[in-house]
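The values are calculated or read from the model by the stated rules, or taken from the named source; none is laboratory data. Computed from a predicted model, the values in this text were never measured in an experiment. Positions of Cβ are generated from backbone atoms using ideal geometry, with glycine treated the same way; all protein chains shown enter the neighbour counts. Keep in mind that these areas ignore ligands, DNA and RNA; they rest on the heavy atoms of the full protein, side chains included. Shrake-Rupley method; radii C 1.70, N 1.55, O 1.52, S 1.80 Å.
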Amino acid sequence: MELFVFVCATAMIIVGALGVVLRKHPVHAALSLVLTLFGIAVLFVAQHAEFLAAVQVIVYAGAIVVLFLFVIMLLGVDQVENLKTEPLAGQRWVAGLVGVCLLGLLGAAIYTGADSVISRGEGIASNVAGDNPDANIQQLASSIFSDYVMAFEVTSILLVVAVVGTVLLSRRRTAGKS
Amino acid sequence: MFAIDPMLNGELLWTPLVIVLLKVLAVFVTGLVATMLMVWFERKVISGMQNRIGPNKAGPFGLLQTLADGIKLFFKEDLIPERSDRFVFKLAPFLSFVPAFLSFAIIPLGGDFRDGNNGMVTWFGHTTRVQLADPPVGVLFALAISAIAVYGIMLAGWSSGSKYPLLGSVRASAQMVSYEAALGLSLGTVFLVTGTLSTSGIVAAQSSIGNWNVVATGVVPFVIFLIAATAELNRPPFDLVEAEQELVGGFNTEYSSIRFALFYLAEFMNTVTMSALIVTLFFGGPQPISFGGIVLDIPLVPNGLEGTIWLFAKVLVFLYIYVWLRATLPRFRYDQLMDLGWKVLIPASLGWFMLIAAQRLGRDQGWNTFVVTGVSVAVLGASYALLQAAFKVSAKQREAEGSMF
């Protein structure tokens, strides 16, 4: 059963990922991205990380890709792109090289770390039997707000900085006009 | 894998599987029938409020009017505009219809939650809940589903290849993403008070009127949730997505026949589901009305079944409120809509959440209640003043720069 779910979810992820790269239409590519994100959410559920799955769907599929689509629709760039011209010279070669490097790194990481990979969920003592349905969220909350509280707060500062920067950048043009 | 239903733990047997399949069927049929009756109810109540008669020809009191309309839509010609994106155009109605039914699955539709019972019932020797699924993330599932429902409306407008539907769908995406934040933040207070995410746990925690979340969280989160839910449903006064006077018919202008019917069905189904969710979260779901130890018990009906009756009665109140709102309030202007969402609802829900959190912490640590309340009110007041100052500065700057467009 677990294998079946894994195969289905992985097929979803791969088909979606290929669609993001290969579909010529930006809206179709964005929809393929949604398929990928859903597949990842299914994998999270299969690993008893229900909270992560819900957040994955709410934040990534429900907000971020919606905003992608919003921008695509608002700016009217929903035409098929001309793929002949490269915006940056030699972009494709570099992208290919980086891709191969990334693949090599991942492969090396898996090869060297194969022994230390825990195949059954022992990282967090998960409550599989379902005695307490909130166990997953409670464990997540206690590690975020005690062990990793510093990293958590720093991340939120980073997000605030990004928001303020975006507002500043988007308003400067109108300020220069007057 | 199957933590969603306690029945499916352990060995997979035939009887539990049949019960689950029956539950799926029951939820689906209930959804369809409820939607059909909701359309009739809305038309009848609104016509009453406007001094008209309303549907009265098909069936007794016009009850079968929706069925007649549905059959008519089935036999109409299905048009696909020439400039549309065919695949997405066909996909969009389902993206809107399927989520509408999915979120109905987590609502506890009955069961005995009285005297510390956990709402379990025994059917054919198997204990189960009168709800299709009880996932550990509970209400977050409903939020995730309502996040997905945006796609149906967005893609419908975009794929039509026409101007007015596109305007409708751009409005829809901005509106629904904005109000989802307020929706989620107001839920935070409910989770804080009940200490669980699962819908059955939330219902079980609301045993008497004093424990109903509408009282226990202070009325503010409920009001915010009701407003944000109305906006999320695109119902009046937040129906800018399908503003007839401005956008012809909004996002579904180019749709006809059964595809249009699916959008229509999804809209009313969402209204029913959202009312049921409000009742579950804030008004005790299938719990009977009880106050100070006195329980309003319906005689001769077993407690498990009585839950369903109570849920139905409570949901009916909210359905009436939605119709009432539609008959009473004029539509918001677009900038008013965004102002309400971002400048009022989100700060208010965040502030209230912090206030309740401070109260809970103070109680757990044994701090003086008055000091905690005083300090939190002072902090909230200072935050409010800062926010107002920020609004004032931004308004002044905008005036100095002149209009953006």
R0 = 41 Å: FRET efficiency of residue B:289 with residue A:143, Cβ-based, nearest 0.05?
0.50
Which loop-located trypsin sites (Lys or Arg not before Pro) does the stretch B:277-373 contain, where loop means any DSSP state but H, G, I, E or B and the Cβ has at most 13 other Cβ atoms within 10 Å?
B:333
Could you tell me which of the pairs B:57/B:314; A:24/B:90; B:23/B:314; B:23/B:72; B:44/B:90 are separated by over 25 angstrom between their Cα atoms in the structure shown?
B:57/B:314; B:23/B:72; B:44/B:90
With charges only on Cβ, +1 for K and R and -1 for D and E, what is the dipole size of the stretch B:10-139 about its Cα centre, in debye, rounded to 20?
500 debye
From the phi of every residue in the stretch B:100-113, what ³J(HN,Hα) in whole Hz does the Karplus formula 6.51 cos²θ - 1.76 cosθ + 1.60 yield, where θ is phi - 60° and glycine or proline is x?
4, 7, 4, 6, 5, 5, 9, 7, x, 8, x, x, 9, 9
Run the quick spin-label model on residue A:67 and residue B:18: label points 7 Å from Cα toward the beta carbon, then report their separation in nm to one decimal.
5.1 nm
Phi-based couplings in Hz for the stretch B:174-183 (Karplus 6.51, -1.76, 1.60; Gly and Pro marked x):
5, 5, 6, 5, 5, 7, 5, 4, 5, 4
What's the magnitude of the charge dipole for chain B around its Cα centre, counting Lys and Arg as +1 and Asp and Glu as -1 at the beta-carbon? Answer in Debye, nearest 20.
580 debye
Among the lysines, which fall within straight-line cross-link reach of residue B:343, defined as a Cα-Cα distance under 19 Å, with same-chain neighbours fewer than 8 residues apart omitted?
B:392, B:396
Candidates per chymotrypsin sites (Phe, Trp or Tyr not before Pro) in the stretch B:79-164, loop by DSSP, up to 10 other Cβ within 10 Å:
B:124
Report, to the nearest whole %, how much of the accessible area of chain B belongs to carbon and sulfur atoms, 1.4 Å probe, protein only.
69 percent
How big is the A-B contact in terms of buried accessible area, both chains counted, 1.4 Å probe, rounded to the nearest 100 Å²?
2900 Å²
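Is the protein assembly as shown best put as rounded, prolate or oblate by its Cα gyration tensor, with a ≥ b ≥ c the root eigenvalues, rounded for a/c under 1.5, and otherwise prolate when a/b is larger than b/c, oblate when not?
Judged from the Cα gyration tensor, the protein assembly as shown comes out rounded (a/c under 1.5).
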Just want to confirm a number: the relative contact order over chain B, from Cα pairs under 8 angstrom separated by 6+ residues, in percent.
20 percent
Under a 10 Å cutoff between Cα atoms, tell me which one of B:36, B:176, B:354 has the largest fluctuation in the Gaussian network model of chain B.
B:354
With a ≥ b ≥ c from the Cα gyration tensor eigenvalues, square-rooted, and the rule rounded for a/c under 1.5, otherwise prolate when a/b > b/c and oblate otherwise, the stretch A:1-79 is oblate
May I ask you to derive the relative contact order of the stretch A:1-79, considering only C-alpha pairs under 8 Å and at least 6 residues apart, and to give it as an integer percent?
30 percent
In sequence order, calculated HN-Hα J values of the stretch B:349-358 (Karplus, 6.51, -1.76, 1.60; Hz; x Gly/Pro)
5, 5, x, 5, 4, 5, 4, 5, 4, 4
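Ignoring the sites themselves, what is the longest stretch of chain B with no GluC sites (Glu not before Pro) in a DSSP loop and at most 14 other beta-carbon atoms within 10 Å?
Of all site-free stretches, the longest is B:83-405.
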Kirkwood hydrodynamic radius over Cα pairs of chain B, then Stokes diffusion coefficient at 25 °C and 0.890 mPa s, in µm²/s
106 µm²/s
Rolling a 1.4 Å sphere over the protein heavy atoms, what is the accessible area per residue of chain B, to the nearest Å²?
48 Å²
Averaged over residues of A:25-34, the number of beta carbons from other chains lying within 10 Å of each residue's Cβ is 2
